[in-house]
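A.B. asks: Below is one structure. I have some questions about it.
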Amino acid sequence: MEKSSKIFKNKKVVARHSGLESFAEFNYTKSPKITEQATKKKKKKTSWIFLIINIAIVAGIFIYQFCFGETKPLSELFAERPYYRFFFISLGAIAFFYLLYAIGYSIMLKITTGKFNFWLGLQFAVVGKYWDSITPFGSGGQFAQIAHGIKKGVSQEDTTSIVVGKYMISMIAFVVLGIIALFIPMETFTSGIVIKVLAGVGVGINVLLTLFIWLVSINRKLCSVIVLGGIKLLHKIKIIKNYNRAVFKSMRFIKQYQKAFKYLIKKPWAVIGQLFICILEWLTLALVAYLIYLAFNFPNLSVGPVPIIAMSILCTFATSYFPIPGGSGMAEVSFAALFAKLFTDGTNFWALILWRVFTYYIFIIIGFIFTIGDSFVAKKEIKKKEQQNKEKEQA
């Protein structure tokens, strides 16, 4: 553990596996070598590489489905006049999802800063979903939200508490819905058992992850043994190359979670309200699959909303541990196989495209537009301040 002392110098943090005696002393906001700016370009490059891989995988699957599957030509599809209103309702569901997401973050802002800021809450929602969609395992959203909050004038401590607190509650809601969905009969669906098994693994992983997060938040000494032991092992087997950097980032991450947990336990009613909002968020996204089913099959319906919503949730779990952003490849294959009996007469391919557009690509499009716009506004403000400073100097 001698390497870690080079980073923290006189601090006693991370110095031993027996526990973090000076966890409270750990200044995780300062490091001359490890900053967000130092890795910003690298993260952007990695995100674009994964996005290109994502598009290539999806394009391959779509081409295969279109060429070798039973796919109805678009001219015939439009001639049959599907119920377009359900497509617009699907867009409305996504808007409602963003509304819920923004309200959730606005409540967290109210708890931590004392101010209810819906516009900033909406920005947190857009930024989070965008970076979750273009990073492996959906791991980039929280870090991007923290950086955005700091840029907008919220303190690092408050921003971290907002983002981490929301994430912790959302994970609980996700796991609860996944467990319930596992017990809903799926006889109507093709490959239902296979998806259930894969989803069961995903639920198990998320349960363990949720328990670990709460363990990290409650027990400092035990979590330090686990985290530091894991870093040391991964460093020995050459998976982690920069030991010092990994230690610093892990300790900062742990302390941020502990601060967020302290905020949460002081506001039980806010936590319950946030949990309700998070459940609605997940159900709203899952509802999109049923709305697409209505668009192609109404009024001749063979399945109700509950099984389709449940299977859509399980589909998300089945792809949650797939490393490609958005579970690309696995998500498309799962949907195409799972809903083959519901989208007949060559509509399965078009249903798959619409489902992915409404539940995945739309977040990338909205997030990309917002990122470009926000960057433009930021540059404009910088130029304005520079101009004002010049005028003051000349005066």
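Bear in mind these aren't lab numbers, they're just calculated from the coordinates by the rules spelled out. Since the structure is predicted, the reported quantities are computational estimates derived from the model, not experimental observations. Don't worry about glycine lacking a Cβ; one is built from the backbone with ideal geometry, like all the others, and counts go over all protein chains shown.
A.B. asks: On full extension of the chain, what length is gained from Leu215 through Val176, given 0.36 nm per residue of separation minus the C-alpha to C-alpha distance?
C.D. replies: Using 0.36 nm per residue and subtracting the Cα-Cα distance, I get 12.2 nm.
A.B. asks: Okay, moving on. How far apart, in nm, are two points set 7 Å out from the Cα along the Cα-to-Cβ line at Val201 and at Glu393?
C.D. replies: 6.1
A.B. asks: Now for a separate question. Measuring from centroid to centroid over Cα atoms, what is the spacing of the range 333-368 and the range 227-306 in Å?
C.D. replies: Answer, in whole Å: 23.
A.B. asks: For Leu233 and Leu91, what does the FRET efficiency come to when R0 = 56 Å and r is the distance between their Cβ atoms, rounded to the nearest 0.05?
C.D. replies: Step by step, r from the Cβ atoms, then E = 0.75.
A.B. asks: Multiply the residue separation of Leu208 and Ala337 by 0.36 nm, subtract the distance between their alpha-carbon atoms, and state the gained length in nm to one decimal.
C.D. replies: 43.6 nm
A.B. asks: Taking the range 336-395, which trypsin sites (Lys or Arg not before Pro) meet the DSSP loop condition and have no more than 16 other C-beta atoms within 10 Å?
C.D. replies: Qualifying residues, ordered by number: Lys341.
A.B. asks: Still on this model: Using only the Cα atoms, work out Rg/Rh for the range 289-368, with Rh taken as the Kirkwood radius, to two decimals.
C.D. replies: 0.97
A.B. asks: Which entries of Lys151/Lys380; Lys129/Lys166; Lys110/Lys259; Lys115/Lys255; Lys110/Lys152; Lys196/Lys341 have Cα-Cα distances beyond 19 Å here?
C.D. replies: Pairs exceeding 19 Å: Lys115/Lys255.
A.B. asks: Going by how many other beta carbons lie within 10 Å of each one, how would you line up Ile237, Ile55, fewest first?
C.D. replies: Fewest-to-most ranking of Ile237, Ile55: Ile237, Ile55.
A.B. asks: While we're looking at this one, here's another question. From the Cα trace of the range 231-356, what convex hull volume per residue do you get, rounded to a whole Å³?
C.D. replies: Per residue, the Cα convex hull of the range 231-356 comes to 145 Å³.
A.B. asks: Separate question: With each pseudo-label sitting 7 Å past Cα toward Cβ, what's the Val225-Glu381 distance in nm, one decimal?
C.D. replies: Taking the simple label geometry, Val225 and Glu381 are separated by 4.7 nm.
A.B. asks: Taking 8 Å as the Cα distance limit and 6 or more residues as the minimum spacing, I'd like the relative contact order of the range 44-389 as a percentage.
C.D. replies: Dividing the mean separation by the residue count of the range 44-389 yields 31 percent.
A.B. asks: Ok, one more. If you count, for each residue, the other Cβ atoms within 10 Å and average over each peptide, how do 289-295, 173-179 line up from highest to lowest?
C.D. replies: For the peptides 289-295, 173-179, the packing ranking is 289-295, 173-179.
A.B. asks: Mind ranking 261-268, 129-136, 243-250, 146-153 by how tightly packed they are, going by the mean number of other C-beta atoms within 10 angstrom, highest first?
C.D. replies: Ranked by mean Cβ neighbours within 10 Å, highest first: 129-136, 243-250, 146-153, 261-268.
A.B. asks: When you have a sec, figure out the Kirkwood radius of the range 112-174 from all distinct Cα pair distances and drop it here in Å to one decimal?
C.D. replies: 11.8
A.B. asks: Multiplying the sequence separation of Ser302 and Tyr83 by 0.36 nm and subtracting their Cα-Cα distance, what value in nm do you get?
C.D. replies: Once the chain is fully extended between Ser302 and Tyr83, it gains 77.2 nm.
A.B. asks: In 20 Å bins starting at zero, report the fraction of Cα pairs in the range 44-389 per bin as a rounded %.
C.D. replies: Result, from short to long distances: 27, 56, 16, 0 percent.
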